[in-house]
């Protein structure tokens with residue numbers, strides 16, 4: 001399988017991919033990703049070179065966003081001084097479920113973060129999705145804390161505030177990488 005940076009022409013495919021994941025989550029009783037993701041925001045992230053697609057031939061098997069930018073209000077000032085990369089929107093197509101593609105993508109992300117000079121691979125997960133939290137713990141992440149206030153709407157409850165991290169390290173993920181080399185993380189001011 002090949003991992004490559006998404007391109008603007010992939011926008012429609014990625015939005016449909018997310019909707020497939022949201023439908024699966026709804027079937028499990030979760031409201032995670034129940035609101036449609038803004039296409040313009042995803043396009044901006046794609047254009048910044050932060051969205052990656054795992055392809056099996058012409059089929060998109062999975063996607064992950066990896067960025068040096070933390071979501072506002074989650075990480076402390078002192079944590080933000082530590083070189084880190086942040087995982088977002090890790091999604092595996094249902095037809096590829098059960099093949100450890102998510103775990104291997106986390107290894108790829110940790111390897112890429114390491115090559116960029118990061119100390120940490122960090123993420124925030126849905127606060128109410130305990131199965132997802134257990135998944136990340138099983139893949140070497142340590143729970144840091146859960147942020148419950150300061151959501152995007154009127155400062156209300158935050159729905160994605162379960163914070164976890166693991167050391168960024170080189171890894172043999174087994175993918176053929178066709179993405180550009182990662183940019184070095186700039187030291188915090």
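The values are calculated or read from the model by the stated rules, or taken from the named source; none is laboratory data. What you see is a predicted model; the values in this text were computed from it and never measured. Methodologically, a virtual Cβ is constructed for each residue, glycine included, from the backbone with ideal geometry; neighbour enumeration extends over all protein chains shown.
Miscellaneous remarks
- Qualifying residue in region 30-43 (condition: in contact with a strand residue (DSSP E or B) (Cβ under 8 Å, 6 or more places away or on another chain) and modelled with pLDDT of 90 or more): no
- So residue 17, is it assigned to a strand (DSSP E or B) and crowded, with 17+ Cβ neighbours inside 10 Å: no
- Test: residue in region 60-69 that is exposed (fewer than 15 other Cβ atoms within 10 Å of the Cβ) and not in a loop (DSSP other than H, G, I, E, B): no
- Some residue of region 161-171 being assigned to a loop (DSSP other than H, G, I, E, B), modelled with pLDDT of 95 or more and in contact with a strand residue (DSSP E or B) (Cβ under 8 Å, 6 or more places away or on another chain): yes
Residues checked against (1) out of contact with any helix residue (DSSP H, G or I) (no Cβ under 7 Å at 6 or more places or on another chain); (2) closer than 21 Å to residue 178 by Cβ; (3) buried (at least 21 other Cβ atoms within 10 Å of the Cβ):
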position: 83; (1), (2), (3): yes, no, no
position: 87; (1), (2), (3): no, yes, yes
position: 94; (1), (2), (3): no, no, no
position: 108; (1), (2), (3): yes, yes, yes
position: 114; (1), (2), (3): yes, yes, no
position: 140; (1), (2), (3): yes, no, no
position: 146; (1), (2), (3): yes, no, no
position: 149; (1), (2), (3): yes, no, no
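- Single residue of region 80-126 satisfying the filter (in a strand (DSSP E or B) and at pLDDT below 95) that is farthest from the chain's Cα centre (by Cα): 92
- Residue check for residue 145: in contact with a strand residue (DSSP E or B) (Cβ under 9 Å, 6 or more places away or on another chain), at pLDDT 85 or above, assigned to a loop (DSSP other than H, G, I, E, B) and farther than 16 Å from residue 88 by Cβ: no
- Any hit, region 151-159, residues being touching a residue at least 12 places away in the same chain (Cβ under 8 Å) and surrounded by 16 or more Cβ atoms within 10 Å (Cβ to Cβ): yes
- Criterion: closer than 15 Å to residue 179 by Cβ and touching a residue at least 12 places away in the same chain (Cβ under 8 Å) - qualifying residue of 70, 62: 62
- Within region 95-122, residues that are farther than 22 Å from residue 80 by Cβ have Cβ atoms under 8 Å from residues that are in a helix (DSSP H, G or I) in these pairs: 102/135, counting only partners at least 6 apart in sequence or on another chain.
- Region 38-59, residues that are exposed (fewer than 15 other Cβ atoms within 10 Å of the Cβ) and in contact with a helix residue (DSSP H, G or I) (Cβ under 7 Å, 6 or more places away or on another chain): 39, 47
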